[in-house]
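A.B. asks: Take this structure, written in structure tokens, and hold onto it; I'll ask about it next.
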Amino acid sequence: MAEKRLAIVTGGARGIGREIVWALAKQGRRVVAIDIDEARLKELEELAGKEGYQKDDIITRKLDITDAGALTEAIEQLAEQYDGIGILVNNAGITRDNLVIGISDEDFDKVIAINLRAAFVATRAASRYMMRNRWGRIINIASVAGVMGNAGQANYAASKAGLIGMAKSVARELAKRNVTANCVAPGFIITDMTDVLPDKVKELAKQAIPANRFGQAEDVANAVAFFASDEAAYVTGQVLCVDGGMAM
């Protein structure tokens, strides 16, 4: 059954990533949450135990995904241990917002390294096993910023637009092996990252959303669960905006 194939979620210890872990686990999949935040990973393990999941149902791995060698090695080890990789969700991401004239080389490179380059490394490693098993789902968590741009986020928007372009290319390459590649592009979702924004910024953002409300992490996780399912077998190279209509 496809549901039993291993799923890997980067940035899986908190926010949208954690909700994606839960959504895939509810589908009956064995899920690996990769994150650099050890405390959050331990918290996830404890919550999984309380929810009745076994140790091998939700697995955690502390890892700096900007270390390409370590990330590749971790994926290869997981694939060997659990008979391949079925699903890869490239969710990990950061922001270093500023106007374009104020973005340092360091802040540009850091955002690209985590949001885009690590996703490429993970995709390269996992796709080998997906091709071998002739089944796979690659899902990139992009952003409406990567679809329509956003002032003060040139580095972030570039990384997310890169995820979209990469998914479309991978979709073309791997379709004949029954491997799909798609993107979910969240709009304004309530997370720790958005909670710290000033109220004025939040209010302006809400005015740009036809639904007139912010989304929940579960909304994004539900879209990921669809792309990961057998029902989405004929859907590839697509971008699904989960944004209340913001990017229309």
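The values are calculated or read from the model by the stated rules, or taken from the named source; none is laboratory data. The shown structure was predicted, so the numbers you read here are calculated from the model rather than taken from an experiment. As a convention, Cβ positions derive from the backbone with ideal geometry for all residues, glycine included, and neighbour counts pool all protein chains shown.
A.B. asks: Take region 184-224 and flag every residue that is over 25 Å from Ala119 (Cβ atoms) and β-branched (Val, Ile, Thr).
C.D. replies: Passing the criteria: Val201, Ile209.
A.B. asks: Do the conditions hold for Ile103, that is, is it surrounded by 12 or more Cβ atoms within 10 Å (Cβ to Cβ), more than 24 Å from Val170 (Cβ to Cβ) and in contact with a Lys or Arg (Cβ under 8 Å, 6 or more places away or on another chain)?
C.D. replies: Details: surrounded by 12 or more Cβ atoms within 10 Å (Cβ to Cβ): yes; more than 24 Å from Val170 (Cβ to Cβ): yes; in contact with a Lys or Arg (Cβ under 8 Å, 6 or more places away or on another chain): yes.
Spelling it out, Ile103 is indeed surrounded by 12 or more Cβ atoms within 10 Å (Cβ to Cβ), more than 24 Å from Val170 (Cβ to Cβ) and in contact with a Lys or Arg (Cβ under 8 Å, 6 or more places away or on another chain).
A.B. asks: On the basis of being over 20 Å from the mean Cα position of the chain (by Cα), surrounded by 14 or more Cβ atoms within 10 Å (Cβ to Cβ) and closer than 24 Å to Phe227 by Cα, does Tyr129 make the cut? Lay out the reasoning, then the answer.
C.D. replies: Working: over 20 Å from the mean Cα position of the chain (by Cα): no; surrounded by 14 or more Cβ atoms within 10 Å (Cβ to Cβ): yes; closer than 24 Å to Phe227 by Cα: yes.
No.
A.B. asks: Residues being farther than 25 Å from Ala185 by Cα, in contact (Cβ under 8 Å) with a residue 12 or more places away in the chain and not acidic (Asp, Glu): count how many of those fall in region 2-41. Explain how you work it out, then say what you get.
C.D. replies: Let us first name the residues in region 2-41 that are farther than 25 Å from Ala185 by Cα, namely 4, 38-39.
Restricting the remaining residues to those that are in contact (Cβ under 8 Å) with a residue 12 or more places away in the chain gives 4, 38.
Next, from what is left, pick out any that are not acidic (Asp, Glu): 4.
Number satisfying all stated conditions: 1.
A.B. asks: Look at Ile139 and say whether it is within 17 Å of Gly17 (Cβ to Cβ), in contact with a helix residue (DSSP H, G or I) (Cβ under 6 Å, 6 or more places away or on another chain) and either part of a helix (DSSP H, G or I) or modelled with pLDDT of 95 or more (or both). Walk me through how you get there before you give the answer.
C.D. replies: Numbers: within 17 Å of Gly17 (Cβ to Cβ): yes; in contact with a helix residue (DSSP H, G or I) (Cβ under 6 Å, 6 or more places away or on another chain): yes; either part of a helix (DSSP H, G or I) or modelled with pLDDT of 95 or more (or both): yes.
The answer is yes for Ile139.
A.B. asks: Asn150 is checked against (1) closer than 19 Å to Val201 by Cβ; (2) touching a residue at least 60 places away in the same chain (Cβ under 8 Å); (3) assigned to a loop (DSSP other than H, G, I, E, B) and fails just one. What number does that condition carry?
C.D. replies: (2)
A.B. asks: A follow-up question, please. Looking at Ala217, Ala233, can you tell me which residue is closer than 23 Å to Arg29 by Cα, small (Gly, Ala, Ser) and either surrounded by 20 or more Cβ atoms within 10 Å (Cβ to Cβ) or without any contact (Cβ under 8 Å) to a residue 12 or more places away in the chain (or both)?
C.D. replies: Ala217
A.B. asks: Any idea which of Thr180, Thr191, Thr95 is farther than 25 Å from Leu6 by Cα, in contact with a Phe, Trp or Tyr (Cβ under 8 Å, 6 or more places away or on another chain) and hydroxyl-bearing (Ser, Thr, Tyr)? Please lay out each step first, then the result.
C.D. replies: On the way: Thr180 fails: farther than 25 Å from Leu6 by Cα; Thr191 fails: in contact with a Phe, Trp or Tyr (Cβ under 8 Å, 6 or more places away or on another chain).
None of the others qualify; the one that does is Thr95.
A.B. asks: Check whether at least one residue in region 193-205 is of a type in the set (D, E, K, R) and in contact with a Gly (Cβ under 9 Å, 6 or more places away or on another chain), and report yes or no. Outline the logic, then answer.
C.D. replies: First pass over region 193-205, keeping only residues of a type in the set (D, E, K, R): 195, 199-200, 202-203.
Then keep just the ones that are in contact with a Gly (Cβ under 9 Å, 6 or more places away or on another chain); that gives none.
Checked region 193-205: no residue is of a type in the set (D, E, K, R) and in contact with a Gly (Cβ under 9 Å, 6 or more places away or on another chain).
A.B. asks: Would you please list the contacts, defined by Cβ atoms under 9 Å and residues six or more apart or on different chains, that run from a residue in region 167-179 that is of a type in the set (S, T, N, Q) to a residue that is surrounded by 19 or more Cβ atoms within 10 Å (Cβ to Cβ) and part of a helix (DSSP H, G or I)?
C.D. replies: Within 9 Å, the pairs are Asn178/Met130.
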